[in-house]
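Heads up, the thing below is written out as structure tokens.
The values are calculated or read from the model by the stated rules, or taken from the named source; none is laboratory data. Note that the coordinates shown come from a computational prediction; the quantities given were computed from them, not determined experimentally. So basically every Cβ, Gly included, is an ideal-geometry build from the backbone, and we count neighbours across all protein chains shown. All accessible areas refer to the heavy atoms of the entire protein, side chains included, with ligands and DNA or RNA removed. Shrake-Rupley method; radii C 1.70, N 1.55, O 1.52, S 1.80 Å.
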Amino acid sequence: MADMGLFRNAVADWTAAGADGPAGQPAAELAAELAAELGVASVVLVEGPSDLAAVETLAARLDRDLPAEGVCVVSMGGAMNVGRYARLLGPAGLGLRLTGLCDEREQPYFDRGFQRAGAPRHEVFVCVEDLEEELIRALGIRRVEGVIEAEGDLVPWQTFVRQPAQRGRDPHHRMRRFLGTKKGRKIRYGHLLAQALDLALLPAPLDALLTALDPARAGR
């Protein structure tokens, strides 16, 4: 039985090869075959793997089985790729339902990409700064520091906040910057912060996205 990772890889190969050239045809056929085999009906387009990790972690904590619901979260490797992904996967491509999660500054890319692909723009859910900031704000700085300490990153964090460039900055901004200072840290903390979050305090964009994907709401 194939899994969503194979589908994501096929989609990535398809977008890299281009939709119209002969190099893209095998990847397109494989993506279509996997979508049918896995029952993929809906795709959530996110910028990167940290967003994917957070969305899937929160869904699991809410007892949501996204693959069983026909939902695949796809990391695009940057918001500027949304037009290409939306065209290939949306109504004019595989015919899948498109939803998206993005930062406020990236919303114009998503709006244009969805509009050109014939997908509704109201299916794009927007974080104020980024997903990490939403999670940090929901958890609070002290709770996030507790997660950092549990992960053995307290000394690097304390060293970071003592840097002259960080003095006087908003604590949420400093925390966001810290999570991006080491390769792989944002991905790891995307999962960890989502795991630590009180589900009663789910950030609005994530709550709206997961609610929109709920199969119980289909047809309403």
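Using θ = phi - 60° in the Karplus curve 6.51 cos²θ - 1.76 cosθ + 1.60, the 3J(HN,Hα) couplings for segment 67-77 round to x, 5, 7, x, 10, 10, 8, 10, 7, 9, x Hz; x is entered for Gly and Pro. Excluding ligands, DNA and RNA, the accessible surface per residue across segment 1-116 is 44 Å² with a 1.4 Å probe.
What's the angle, to the nearest 10 degrees (0 to 90), between helix 49-61's Cα axis and the longest principal axis of the chain? The answer is roughly 90 degrees. Averaged over its residues, segment 139-220 has an accessible area of 59 Å² per residue, based on protein heavy atoms and a 1.4 Å probe. Of the solvent-accessible surface of the chain, computed with a 1.4 Å probe over protein heavy atoms with every protein chain present, carbon and sulfur atoms account for 50 percent.
Computed with a 1.4 Å probe on the full set of protein chains, the accessible area for residue 161 sits at about 40 Å².
Dipole magnitude for segment 89-220: about 360 debye, using +1 per Lys or Arg Cβ and -1 per Asp or Glu Cβ, origin at the Cα centre.
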